[in-house]
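Enquirer: Submitted below is the structure of interest, expressed as C-alpha cells.
The values are calculated or read from the model by the stated rules, or taken from the named source; none is laboratory data. Predicted model only: the values in this text are computed from it and were never measured. Heads up, the Cβs are rebuilt from the backbone with ideal geometry, glycines too, and the neighbour counts pull from every protein chain shown.
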Amino acid sequence: MTQGRIVAGALAPHPPHLIYAENPPQNEPRAECGWETLRWGYERLRRDLAALELDVIVVLSPHWQTYVGTHLLGVPAFKSLSVDPIFPHLFRYHYELTVDVELAEAVHDAGRAAGLEMKMMRNPDFRVDYGTIVSCHLVRPDWALPIVSISSNRASSYYNVDVMQEQAKALGRATAEAIRASGRRALLLSSCSLSHRHFVTESELPEDMSREHITHHGLYLWDMELLRMIRSGRTRELVDVMPEFIAQAIGETDSGALTWLLSALDYPEVPGEVYAYGTVIGTGNAVVGWLPEEARR
Ligand SMILES: [Fe+2]
C-alpha cells in the first residue's frame, strides 16, 4: 500500500444561508440570491479541487458537540432530513452520505494512542450535524466521496481554551498519522466561521443584502489580522493568537476546528489562498484553501 497523505486542506464555513441561496435540489426552501461573494469563492475552490485526486473528505464540525471526548461517525451510510434549529425556514436538506469507517477507526485509534478520549458513534439513526453537511456540500455537492466526520468536544467550554488548543493539536497530529498509514488521499475541512458575533433578528427577506454587514468593526479587524497571517504563511503565529482571537472575536474556532486543521497540515508556511471573505448574519466567514501547486492556477 502506498503511503497516504493530506492532499489539501480548507477552511470551509457552514452558514446554511449559502446552501439556501444556491437552491440545490436537496434543500426545500427557495431563494432569489444572496451572499454571492462567499458562494462564488466556494465555486472557485471547487474548481481548483477538481484538479486533485481524492479518496475521502475529513471534516471537523462545531455543531456536533460532544462533552466526553471526541466522537467519529462509525456507520457506513446515513440518509435523512437535516433541519437547522435556528434557521428551519432556510435549511431543510435531504442528505445521503457514506462514511469511510475504516479511516474513522484509524483516527480513533491514533487519538487514543496519543492519550485523547475517543469514541466511535455507532447509532444508525444518528442525525448528522448540519455543519458537516453544509461544508461537505459546498466543497463537493455531488457527495461522490466518503467522509470522516469528527465531533467538537467543546473543551473550550467544558475546561478552557488552552485545553481545547492542546487537544486539537494532538488530534490534528493523530489525524495526519492515521491518514498516512491508511494510504488515502484526503481533503481536510475546518467547518467554521472566523468572528462569530451575529445579529439576533433577521430581515423579512433573509437574502436582503442591504442588511448584511459585520456586526462590529473590531471583529472585522480581527478577521483581517487572521487572514493576513494565512496569506503570509504565519500559521503557527495564528494558532498562538487563537485564544485571544476566540475571546475577543467570539471566534467559532473555539470548536478546535481550525487549530486541528493547521496542526494536521503541520502549520503550512506557504500562503493559504483566500477564495472569499464575507459576512453571514454579521459573522465573519472566509473560504480558504491550502492546495498543492498544481491545483492553483
Ligand atoms: Fe456554526
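Enquirer: If G111 passes every condition in (1) more than 30 Å from A21 (Cβ to Cβ); (2) surrounded by fewer than 19 Cβ atoms within 10 Å (Cβ to Cβ) but one, which one does it miss?
Expert: Result: G111 fails condition (2) only.
Enquirer: If you don't mind, there's one more thing I want to ask. So, of the residues in region 45-83 that are among the charged types (D, E, K, R), touching a strand residue (DSSP E or B) at 6+ places or on another chain (Cβ under 9 Å) and touching a residue at least 60 places away in the same chain (Cβ under 8 Å), which turns out to be nearest to the ligand (Cβ to nearest atom)?
Expert: Within region 45-83, the first condition is being among the charged types (D, E, K, R), and the residues that meet it are 46-48, 53, 55, 79.
Subsequent filtering for residues that are touching a strand residue (DSSP E or B) at 6+ places or on another chain (Cβ under 9 Å) retains 48, 53, 55, 79.
If we keep only those that are touching a residue at least 60 places away in the same chain (Cβ under 8 Å) too, we end up with 48, 53, 55.
Details: D48: 24, E53: 30, D55: 27 Å.
Restricting to residues being among the charged types (D, E, K, R), touching a strand residue (DSSP E or B) at 6+ places or on another chain (Cβ under 9 Å) and touching a residue at least 60 places away in the same chain (Cβ under 8 Å), the top hit is D48.
Enquirer: Please verify whether S135 is closer than 20 Å to S193 by Cα, out of contact with any Pro (no Cβ under 8 Å at 6 or more places or on another chain) and modelled with pLDDT of 95 or more, treating the condition exactly as stated.
Expert: On the way: closer than 20 Å to S193 by Cα: yes; out of contact with any Pro (no Cβ under 8 Å at 6 or more places or on another chain): no; modelled with pLDDT of 95 or more: yes.
No.
Enquirer: Restricting to region 13-44, and then to whatever is within 16 Å of the ligand (Cβ to nearest atom) and of a type in the set (A, V, I, L, M, F, W, C), can you tell me which residue is farthest from Y277 (Cα to Cα)?
Expert: Step by step, filter region 13-44, then rank; the result is I19.
Enquirer: Now for a separate question. Hey, among S156, S193, S151, S203, which residue is in contact with a Ser or Thr (Cβ under 9 Å, 6 or more places away or on another chain), free of Cβ contacts under 8 Å to residues at least 40 places away in the same chain and of a type in the set (S, T, N, Q)? Before the answer, list the steps.
Expert: Numbers: S156 fails: free of Cβ contacts under 8 Å to residues at least 40 places away in the same chain; S193 fails: free of Cβ contacts under 8 Å to residues at least 40 places away in the same chain; S151 fails: free of Cβ contacts under 8 Å to residues at least 40 places away in the same chain.
Sole residue among the options that is in contact with a Ser or Thr (Cβ under 9 Å, 6 or more places away or on another chain), free of Cβ contacts under 8 Å to residues at least 40 places away in the same chain and of a type in the set (S, T, N, Q): S203.
Enquirer: Checking V241 against (1) at pLDDT 95 or above; (2) crowded, with 19+ Cβ neighbours inside 10 Å, which test does it fail?
Expert: So V241 meets the others, but not (2).
Enquirer: For Y277, indicate whether it is more than 16 Å from the ligand (Cβ to nearest atom), farther than 23 Å from Y130 by Cα and not in a helix (DSSP H, G or I).
Expert: When the stated conditions are applied, Y277 does not pass them.
Enquirer: Residues in region 173-181: is at least one within 13 Å of T70 (Cα to Cα) and at pLDDT 95 or above?
Expert: Going through region 173-181, the residues within 13 Å of T70 (Cα to Cα) turn out to be 174-175.
Then drop every residue that is not at pLDDT 95 or above, which leaves 174-175.
Yes.
Enquirer: While we're on this one: Only one of these is under 19 Å from the mean Cα position of the chain (by Cα), of a type outside the set (G, A, S) and surrounded by fewer than 16 Cβ atoms within 10 Å (Cβ to Cβ): P76, P124, P85. Name it. Please lay out each step first, then the result.
Expert: Numbers: P76 fails: under 19 Å from the mean Cα position of the chain (by Cα); P124 fails: under 19 Å from the mean Cα position of the chain (by Cα).
So the residue among P76, P124, P85 that is under 19 Å from the mean Cα position of the chain (by Cα), of a type outside the set (G, A, S) and surrounded by fewer than 16 Cβ atoms within 10 Å (Cβ to Cβ) is P85.
Enquirer: Out of the residues in region 88-108 meeting the condition of being out of contact with any Gly (no Cβ under 8 Å at 6 or more places or on another chain) and β-branched (V, I, T), tell me which one is surrounded by the fewest Cβ atoms within 10 Å (Cβ to Cβ).
Expert: T98
Enquirer: Give Q26, Q65 a once-over and let me know the one that is polar (S, T, N, Q), under 16 Å from the mean Cα position of the chain (by Cα) and surrounded by fewer than 22 Cβ atoms within 10 Å (Cβ to Cβ). Give the derivation first.
Expert: Values: Q26 fails: under 16 Å from the mean Cα position of the chain (by Cα).
Selected residue: Q65, the only one of Q26, Q65 that is polar (S, T, N, Q), under 16 Å from the mean Cα position of the chain (by Cα) and surrounded by fewer than 22 Cβ atoms within 10 Å (Cβ to Cβ).
Enquirer: Could you tell me which of the residues E237, E207 is more than 16 Å from the ligand (Cβ to nearest atom) and either of a type in the set (S, T, Y) or not in a loop (DSSP other than H, G, I, E, B) (or both)? So that I can check it myself, show each step before the final result.
Expert: Values: E207 fails: either of a type in the set (S, T, Y) or not in a loop (DSSP other than H, G, I, E, B) (or both).
So the residue among E237, E207 that is more than 16 Å from the ligand (Cβ to nearest atom) and either of a type in the set (S, T, Y) or not in a loop (DSSP other than H, G, I, E, B) (or both) is E237.
Enquirer: Let me spell it out: the conditions are (1) part of a loop (DSSP other than H, G, I, E, B); (2) in contact (Cβ under 8 Å) with a residue 24 or more places away in the chain, and M242 meets all of them except one. Which number is the exception?
Expert: In the conditions (1) part of a loop (DSSP other than H, G, I, E, B); (2) in contact (Cβ under 8 Å) with a residue 24 or more places away in the chain, M242 misses (1) alone.
Enquirer: Which residues, counting only those in region 199-221, are at pLDDT 95 or above and either small (G, A, S) or under 19 Å from the mean Cα position of the chain (by Cα) (or both)?
Expert: Of everything in region 199-221, those that are at pLDDT 95 or above and either small (G, A, S) or under 19 Å from the mean Cα position of the chain (by Cα) (or both) turn out to be S210, G218.
Condition check ((1) touching a Leu at 6+ places or on another chain (Cβ under 7 Å); (2) farther than 19 Å from N285 by Cβ; (3) at pLDDT 95 or above) across all residues:
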position	(1), (2), (3)
R5	no, yes, yes
L11	yes, no, yes
E43	no, no, yes
A50	no, yes, yes
I86	no, no, no
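Enquirer: Right, next: Being under 16 Å from the mean Cα position of the chain (by Cα), farther than 19 Å from L90 by Cβ and among the β-branched types (V, I, T) narrows it down to one of V280, V270, V288, so name that one.
Expert: Details: V280 fails: farther than 19 Å from L90 by Cβ; V270 fails: under 16 Å from the mean Cα position of the chain (by Cα).
Testing whether each residue is under 16 Å from the mean Cα position of the chain (by Cα), farther than 19 Å from L90 by Cβ and among the β-branched types (V, I, T) leaves just V288.
Enquirer: While we're on this one: From the residues in region 266-280 that are of a type in the set (A, V, I, L, M, F, W, C) and out of contact with any Ser or Thr (no Cβ under 9 Å at 6 or more places or on another chain), which one is farthest from M224 (Cα to Cα)? Don't jump to the end; show me each part of the working.
Expert: First, the residues of region 266-280 that are of a type in the set (A, V, I, L, M, F, W, C): 270, 274, 276, 280.
If we keep only those that are out of contact with any Ser or Thr (no Cβ under 9 Å at 6 or more places or on another chain) too, we end up with 270, 274.
Values: V270: 18, V274: 11 Å.
Once the filter is applied, the top-ranked residue is V270.
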